[in-house]
1. For Asp190, which of the numbered conditions (1) surrounded by fewer than 24 Cβ atoms within 10 Å (Cβ to Cβ); (2) charged (D, E, K, R); (3) on the phi < 0 side of the Ramachandran plot fails to hold?
2. Taking region 4-50 as the region of interest, how many residues are assigned to a strand (DSSP E or B) and open to solvent by 10 Å² or more (accessible area, probe 1.4 Å)?
3. Under 6 Å between Cβ atoms, which residue pairs at least 6 apart in sequence (or on different chains) link something in region 275-300 that is over 13 Å from Val220 (Cα atoms) and open to solvent by 30 Å² or more (accessible area, probe 1.4 Å) with a partner that is of a type in the set (Gly, Ala, Ser) and modelled with pLDDT of 95 or more?
4. For region 193-208, indicate whether the set of residues that are farther than 30 Å from Gly326 by Cβ, open to solvent by 40 Å² or more (accessible area, probe 1.4 Å) and under 17 Å from the mean Cα position of the chain (by Cα) is non-empty.
5. I'd like to check something: does region 114-129 contain any residue that is touching a helix residue (DSSP H, G or I) at 6+ places or on another chain (Cβ under 8 Å), of a type in the set (A, V, I, L, M), modelled with pLDDT under 80 and surrounded by 17 or more Cβ atoms within 10 Å (Cβ to Cβ)?
6. Is it the case that some residue within region 246-255 is at pLDDT below 85 and loosely packed, with under 15 Cβ neighbours inside 10 Å?
7. Quickly run through region 222-245 and pick out the residues that are at pLDDT 85 or above and among the polar types (S, T, N, Q).
8. Please tell me if Pro204 is at pLDDT 95 or above and in contact with an Asp or Glu (Cβ under 9 Å, 6 or more places away or on another chain).
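The values are calculated or read from the model by the stated rules, or taken from the named source; none is laboratory data. Here the structure is a predicted model, which means the values were calculated and not measured. Using ideal geometry, Cβ is built from the backbone for each residue, glycine included, and neighbour counts are taken over all protein chains shown. Accessible surface is based on the protein model in full, side chains and every heavy atom, while ligands, DNA and RNA are left aside. Shrake-Rupley method; radii C 1.70, N 1.55, O 1.52, S 1.80 Å.
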Amino acid sequence: MTVSREVGLDLALQGGGAHGAFTWGVLDRLLEEERIWISALSGASAGAINAAVFASGLVTGGREGAGRALEAFWKAIHRSGREAGPLLPMMEAFPMAFEAISAMWSNMFGNVAMPSSPEMGARAQDLLREVLEAHVDFAALRSDAAPRLFLSATDVRTGSARIFENREMAPEVLLASACLPLLFPPVTIDGVDYWDGGYSANPPIFPLVQNSPNDDLMLVTINPMSREETPRVAADISNRLTELSFNQTLIKDMRGLVMIQNEVGLLTFGKGLLARLRKLRVHEIHDEATLAAMPAGSKMTPLWELLQQLHKAGYEAADGWVGRHGEDLGRHTTAYLAERYGPH
């Protein structure tokens, strides 16, 4: 089944390191629906980067250009991961040893699995900058032809989210949005230090809703809400704490949205954000089972086989959603927000 009528759709893309390749697959499938017009996107961390790459490709090459840009970017991320150190090539040379290597590293070194100082991650940060400069047309993002962008980074001093829009697009914005503080030095913009946007708005919801004319919002989520096992070593504990922090901002926003819609649902007057939220139809694409089965630490290991697996999972998840709910776009909400994000 495909979407049979034209509908404007906003995308809110969650961050999660290399697992953002799942979102790449989702975007590839949505690009095939020519009646869906994506005119605004929000994102944090990998979600912000996916949004920028997608929008850049869309401006410069249309739907095909957006698909090509995403594929080229994720291939470049894999190459840069190989350049950053010997671990990734070793994992790819001996794929069956991946889990054994990860377990051995965690058991032997614990939280030393990450650099002892974030400054040691500057080289990887520079590699990411080079990839972004090669694969994102920032001038195109600042043009009137670009979809609206709302990308988050976290002010280190206040903990609040700063939402960057099109006119501010530059490599530093994406680096700031993806700056995990235990791995990379903070990114300074206009004299302010920033860390990963996932800590404060993952992804930004209300700025997107307030500033877009569309009434349909698609969440693409990649951080599992729950995991079967409790982490026992320092590196795994740190990864899970980050994952929980990244989920809490979305949970808070979704609970607030449900509460607001329940309270104002019967009102037929009003302007501004409340009026926008009353009309909002929310959808979500995710694959909890696949992503929960992957170790949280794999978010920092862009193995090509892993990226391909995630892309396939994202494409199939989006394809399944279109088959089940494509005709619901423009009509009613398909996400069960209270059940998925409410207290349990």
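1. (3)
2. 5
3. The qualifying pairs are Thr290/Ala313.
4. yes
5. yes
6. no
7. Answer for region 222-245, where residues must be at pLDDT 85 or above and among the polar types (S, T, N, Q): Asn223, Thr230.
8. yes
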